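Chemist: Here it is: the structure, laid out below.
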Amino acid sequence: MQTKSFHFGEWLVDAQACTIRHEQSAQTLKVEPRAMDVLLALCDRAGQIVSAEDLLHLCWDGLAVGENQVHKAITQLRKLLGDTAGDPRYIENIRKRGYRTLAPVMPVAADGTAATVDSWIDASPFVGLDAFDEAHAAVFFGRDAAIAQLRDTVAAQAAAGQGMVVVLGPSGSGKTSLVQAGLFPCLRAAGAPFPFLGASILDLGDVDGMPLPTALGGALLDLEVDGRPLLEGFSADAIGAALSGNDRPAFLDPVTATAQRGRAILFIDRLEAVFAIDVARRRQFFTALGHLAGSGAILVIAACRNDFYPDVAREPLLLTAKAQGGHFDLAPPTRAEIIHMIRLPAIVAGLRFGTDPETGAQLDDMLCEATADQPDALPLLQYTLHELYLQRSTSRELTVAAYRALGGLGGAIGKRAEATLDGLPAPARAALSRVLSLVVTVGAQDEAARSRRIPWGTLATAEERTLVDTFVRQRLFVAQVYEGEPVFGVAHEAMLRQWPRAAAWIADHRRFLQARSRMEEAARRWLADGRRNDLLLPRGRQLEEARDLAGFTPIPLDTDVRAYIDASVRRERQAERRRFGLTAGFAAIAVLAGGLGLVARQAEKTAQQRKHQAEDLMNFMVGNFADKLRPLGRLELLSDIGEKALSYFSQEPLSDLTPEDRAQQAKALQTLAEVARSRGDPKSAQAALAKAKSLLDANLAQGLESPELLKDLGAVAFWMGQISLDQRDMGKAESYFRDYERYSNRMLDLAPDNVDAWVELSYARTNLGSALKAQGDSRSAIALFESSLTLKRRALDRRPQDRSLRSGIANTLSWLGSAHEAEGNLRVALTFFDQEKEQYQSLRAIAPSELLWTFRLVTSLYRHMQLLYALGETDTAARDLEQAQSLIQDLTARDGSNQLWQQTEIKISVFSAEIHKARGNLREALSTERALALKLSKFNAQFPGNAEWQLAETSNNIFIADTLLRMRQPEEADKILNLTIQKLNSMPGGIHESLDYRQQLARSLFQLAMSHRIRNENVAMEEICKKAAPISHLAIEMSPNDYYNIDTWVRVNLCIGEVGSVSGYISKLNEIGYRSPSYVLTLRELLK
């Protein structure tokens, strides 16, 4: 448990002092540290059964001790608590399952005082859909760890003279409650990190159209120190205007003087609302916050939804706070924390939970299970608990019957919505369909119903306004201000799923809601790119769907969508007229040419059939289907079609194709190459790309240079470079990526203001940087990555809703992190990996059904946890590992044929074995590694010659040998290492030049030497290490600051007794914070 003290029955537990004090007798007893760890582990999971195995893992840090140690600790605790195994009151033994607490566990309240029943006997300890505030601190439980961590973050910022903290978390995660009911009381309690002068709150979601500077000034006027306003004698308008200027306001000088006495806090709630206003006013607002944060006396704390992180990352003030440690990520509560949120406020208010007479389940356990399984957990939980409180029995029991009557956790909000609707007059009730049509949207790519904010002015009748007003008052809808305009929307999207009436309406209108989403997205793209005709809807299903939507009056369309559909229809009518004229012309020609005979007609028919076949296939490949399958990670569905298409395209002479046909075929061939690569077929991918390039070069030779043609040529170069990277041919990859950059620069020359040109150049530089980094030139790579990031952020300002751009930014952040990691800047690298992870978490939250974002989040977590492991932070790395394993297992369960997903799952499994080893669980590590060896052998048999799979297999073999050596089984390790070295030497020559290959060969030889060391064969050991030394040195020359290269170089030189030659390298690893458990252990052994 993270709290320093808490109540366990009649005892007050002080975890920091390792003591327990009886509240009646005041007797204080000392508890051994290990027994205290066991007590904390049990109380942190109050009422839950904790196995002896779990207690060993939690309390003995993975040390190899037996379960007797757990039994010994339990016996000590029972003796101290006055408890017995036969008649337990505190700790119960559940036969063959483990232990659980019986006495209530109640942390000391956030304000440092013990919560009492008397103050809550006549009031609900649950806040419904409201946030907790300071008045509810005594009943705010389950966030002790988060409060302590946020307090430490705030303390560190204050101590460093920084004035900005950003609290990030999902909607409904409790950010506001954490600050108001958790942090504020904590800062007022004894032992606070600084004197807390007071706080003022500005909720940006509730400024009612007031200018932001004025709203900010008003919040500052509410700040008082010693009963007097901090900014006495000023108006809200004057304060806001002065803060919005570039110069520091003079009135802040006396405010700064108060810094010696303590800190005041300005809490900005719902910061995300500021990203909806125009850039000029947003910059003005952040300028004002910057002045306040720099005052030295006012600490600005802002709460923001984490799906707005890309917007946060674009603001220099907020990004600087991130770099200075001023961002705090609020994680979802654990099950143990959820049970505290449920049980402890009830204990404070003298409430108890009923039992299901049929199953014997307790209501508090039922609530915990339901909450942990729902994404909108906390608001629904508080609302349900409050409703249960209102329906409590005369004996103050929250009953299962009332819970069932509410419809469970989600049903409660649905019942409230239905009751609210029933209370309205019939005309207002009839307006629900129209209101739902405004606020509900269904994703174009998935079927998830979501809420959106709609201006109040969109409401057409008094009845619609009555309905919305009522739902806002009942907190079922929320009212906000968006770009200075009042808007409304659904308070919690759970209502759309849990209210049967709303769910039924959505089901009935889903097709049209999805169509509207598609049309809105297409219209935005059309308008953003200057209403280009090629972005209008093509003839066929899409245009027919748009016509149906335009004629379906229950789903309203905005003017932009209607303009887009109208323009598409007009173009089709014009095309129809042209087709009619052409048809008439061809008919006349046919009459004149009738004498050419049956053979000519048959040839014409065959040619037309082939042409239509190609056109239909190409439209299919480059149309919506490929675009939909790509984010879902299911491009393999095109593989059969791809083989036939490639065969057909190969038969078409270039001279028989028009420039338009060539361009269209080239696009399809790019998709075919992407499919072939994802299926592990690089030869087919290269053949498709070579054909695509010949088609595009033919157009270029005819003088048809255009941004679109150059973009397509760049795409071909990109894919050729990617395949070269897959094959570890870095020289070829660099050459292709330089071609990509050349095409992109030319594209930019033709259209300097074209956002696509900025994006293409940014991608080209990221890929070129990746090739240079792989060849050891990390410094040049960093410069390219930074240039790429600048271009992408510039483009995102123009296209703020472009998810592919956000993904591109995340990718570049990843490369920046990797390059800094290779340069030895590990903490800087970790910052970039943090930003990358947050970007993908945001994208996944926005589009959960697009599996691409899930996969990229997994790869981000993998990089993050590897670096944490290198820094020696194995527990934090293990948490990343747990999330990554869950996500990748879900992906591979959906599609076991995706090679990229399989490779990543294997890498994560290899890393899990390393975590096992770091914790001393060698048998578990070996079992994992051997299972992977079988799987990798199978893949290499299935895909012979695939460099990725070959190196993955040899890498895993090296890990197996390391585990065997640590288990003192050198003979078995020898067999594996000799086979591994043989496999490495037999790989194609191109792979031998790669950094991965050299690292593996050097490490294999070192492990073989260690095998001889275990057998005291020191001469053989030194001879083998001398063979490893030049290979390891080549890796050092390729990337001299790479910690893995330095690690291997240190090991090899210590093996041959050259301690002095690597003392500088050892110091360097210490300086950069390298603490890999494997390195630390090996260093300790070799320096004995």
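Chemist: Within the range 306-335, which residues are in a loop (DSSP other than H, G, I, E, B), hydrophobic (A, V, I, L, M, F, W, C) and either surrounded by 15 or more Cβ atoms within 10 Å (Cβ to Cβ) or at positive phi (or both)?
Modeler: LEU330, the sole residue that qualifies.
Chemist: Between a residue in the range 825-844 that is modelled with pLDDT of 85 or more and any residue that is assigned to a helix (DSSP H, G or I) and among the β-branched types (Val, Ile, Thr), which pairs come within a Cβ distance under 8 Å, given they are 6 or more apart or on different chains?
Modeler: ASN825/ILE1072; LEU826/ILE1072; GLN839/ILE809
Chemist: May I ask you to verify whether LEU549 is crowded, with 18+ Cβ neighbours inside 10 Å, in a helix (DSSP H, G or I), of a type in the set (A, V, I, L, M, F, W, C) and modelled with pLDDT of 85 or more?
Modeler: yes
Matching residues to (1) within 16 Å of ILE91 (Cα to Cα); (2) more than 32 Å from the chain's Cα centre (by Cα); (3) among the small types (Gly, Ala, Ser):
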| residue | (1), (2), (3) |
| --- | --- |
| LEU29 | no, yes, no |
| MET36 | yes, yes, no |
| LEU39 | yes, yes, no |
| ILE49 | yes, no, no |
| ALA52 | yes, yes, yes |
| LEU55 | yes, no, no |
| LYS72 | yes, yes, no |
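Chemist: Next question. Could you list, in sequence order, the residues of the range 23-79 that are basic (Lys, Arg) and assigned to a helix (DSSP H, G or I)?
Modeler: ARG34, LYS72, ARG78, LYS79
Chemist: I would also like to ask the following. Return yes or no: is ALA297 touching a strand residue (DSSP E or B) at 6+ places or on another chain (Cβ under 9 Å), of a type outside the set (Phe, Trp, Tyr) and modelled with pLDDT under 90?
Modeler: Here the answer is yes, as ALA297 does meet what is asked.
Chemist: Using beta carbons and a limit of 9 Å, which pairs, at least six apart or on different chains, have the first residue in the range 555-570 and under 22 Å from SER433 (Cβ atoms) and the second one buried (at least 16 other Cβ atoms within 10 Å of the Cβ) and aromatic (Phe, Trp, Tyr)?
Modeler: ILE555/PHE512
Chemist: Restricting to the range 222-242, give me the number of residues that are surrounded by fewer than 19 Cβ atoms within 10 Å (Cβ to Cβ) and either aromatic (Phe, Trp, Tyr) or in contact with a strand residue (DSSP E or B) (Cβ under 6 Å, 6 or more places away or on another chain) (or both).
Modeler: Residues flagged as surrounded by fewer than 19 Cβ atoms within 10 Å (Cβ to Cβ) and either aromatic (Phe, Trp, Tyr) or in contact with a strand residue (DSSP E or B) (Cβ under 6 Å, 6 or more places away or on another chain) (or both) within the range 222-242 amount to 4.
Chemist: Before we move on, is LEU299 in the same structural domain as SER200 (by TED's automatic domain parsing), among the hydrophobic types (A, V, I, L, M, F, W, C) and assigned to a strand (DSSP E or B)?
Modeler: yes
Chemist: For ALA941, only one of the following conditions fails: (1) modelled with pLDDT of 85 or more; (2) assigned to a helix (DSSP H, G or I); (3) not acidic (Asp, Glu). What is its number?
Modeler: ALA941 satisfies every listed condition except (1).
Chemist: While we're looking at this one, here's another question. If I ask for residues that are of a type in the set (Gly, Ala, Ser) and at pLDDT below 85, which ones from the range 249-269 would you list?
Modeler: Answer for the range 249-269, where residues must be of a type in the set (Gly, Ala, Ser) and at pLDDT below 85: ALA250, ALA257, ALA259, GLY262.
Chemist: Could you please find all residues in the range 80-104 being among the hydrophobic types (A, V, I, L, M, F, W, C) and either outside the structural domain of MET36 (by TED's automatic domain parsing) or part of a loop (DSSP other than H, G, I, E, B) (or both)?
Modeler: ALA85, LEU102, ALA103, listed by residue number.
Chemist: Please indicate, with yes or no, whether at least one residue in the range 960-978 is in a helix (DSSP H, G or I) and farther than 19 Å from LEU1008 by Cβ.
Modeler: No: the range 960-978 contains no residue that is in a helix (DSSP H, G or I) and farther than 19 Å from LEU1008 by Cβ.
Chemist: With (1) within 30 Å of ARG450 (Cβ to Cβ); (2) at pLDDT 90 or above; (3) in contact with an Asp or Glu (Cβ under 8 Å, 6 or more places away or on another chain) as the list, and THR859 as the residue in question, which single condition is left unmet?
Modeler: Here THR859 clears every test but (3).
Chemist: On to the next question. Can you name the residue in the range 112-134 that is surrounded by 12 or more Cβ atoms within 10 Å (Cβ to Cβ) and not in a loop (DSSP other than H, G, I, E, B) and is also modelled with the highest pLDDT among such residues?
Modeler: Once the filter is applied, the top-ranked residue is GLU134.
Chemist: Looking at ILE991 and the list (1) surrounded by fewer than 21 Cβ atoms within 10 Å (Cβ to Cβ); (2) touching a helix residue (DSSP H, G or I) at 6+ places or on another chain (Cβ under 8 Å); (3) within 23 Å of ARG966 (Cα to Cα), which single condition is not satisfied?
Modeler: ILE991 satisfies all of (1) surrounded by fewer than 21 Cβ atoms within 10 Å (Cβ to Cβ); (2) touching a helix residue (DSSP H, G or I) at 6+ places or on another chain (Cβ under 8 Å); (3) within 23 Å of ARG966 (Cα to Cα) except (3).
Chemist: Restricting to the range 455-511, and then to whatever is basic (Lys, Arg), part of a helix (DSSP H, G or I) and at pLDDT below 85, can you tell me which residue is surrounded by the fewest Cβ atoms within 10 Å (Cβ to Cβ)?
Modeler: The residue in question is ARG473.
Chemist: Further question: Do we find that ALA947 is aliphatic (A, V, I, L, M), touching a helix residue (DSSP H, G or I) at 6+ places or on another chain (Cβ under 9 Å), farther than 29 Å from ASP729 by Cβ and outside the structural domain of ALA1009 (by TED's automatic domain parsing) in this structure?
Modeler: For ALA947, the condition - aliphatic (A, V, I, L, M), touching a helix residue (DSSP H, G or I) at 6+ places or on another chain (Cβ under 9 Å), farther than 29 Å from ASP729 by Cβ and outside the structural domain of ALA1009 (by TED's automatic domain parsing) - is not met.
Chemist: Could you identify the single residue in PHE267, PHE251 that is out of contact with any Lys or Arg (no Cβ under 7 Å at 6 or more places or on another chain) and either of a type outside the set (Phe, Trp, Tyr) or closer than 30 Å to GLN883 by Cβ (or both)?
Modeler: Of PHE267, PHE251, the one residue that is out of contact with any Lys or Arg (no Cβ under 7 Å at 6 or more places or on another chain) and either of a type outside the set (Phe, Trp, Tyr) or closer than 30 Å to GLN883 by Cβ (or both) is PHE267.
Chemist: Next question, about the same structure. Tell me, yes or no, whether the range 60-72 has at least one residue that is over 29 Å from PRO1077 (Cα atoms) and among the β-branched types (Val, Ile, Thr).
Modeler: no
Chemist: Pairs, please: C-beta under 9 Å, at least 6 apart or cross-chain, first residue touching a residue at least 60 places away in the same chain (Cβ under 8 Å) and in the range 1012-1030, second loosely packed, with under 13 Cβ neighbours inside 10 Å and in a helix (DSSP H, G or I)?
Modeler: The qualifying pairs do not exist here.
Chemist: Scan (1) part of a helix (DSSP H, G or I); (2) in contact (Cβ under 8 Å) with a residue 12 or more places away in the chain; (3) over 26 Å from ILE1072 (Cα atoms); (4) not small (Gly, Ala, Ser) for the single condition MET987 breaks and write down its number.
Modeler: Unmet for MET987, out of (1) part of a helix (DSSP H, G or I); (2) in contact (Cβ under 8 Å) with a residue 12 or more places away in the chain; (3) over 26 Å from ILE1072 (Cα atoms); (4) not small (Gly, Ala, Ser): (1).
The values are calculated or read from the model by the stated rules, or taken from the named source; none is laboratory data. Being a predicted model, the structure only gives us computed values, none of them experimental. Here Cβ is always computed from backbone atoms with ideal geometry, including for glycine, and neighbour counts include all displayed protein chains.
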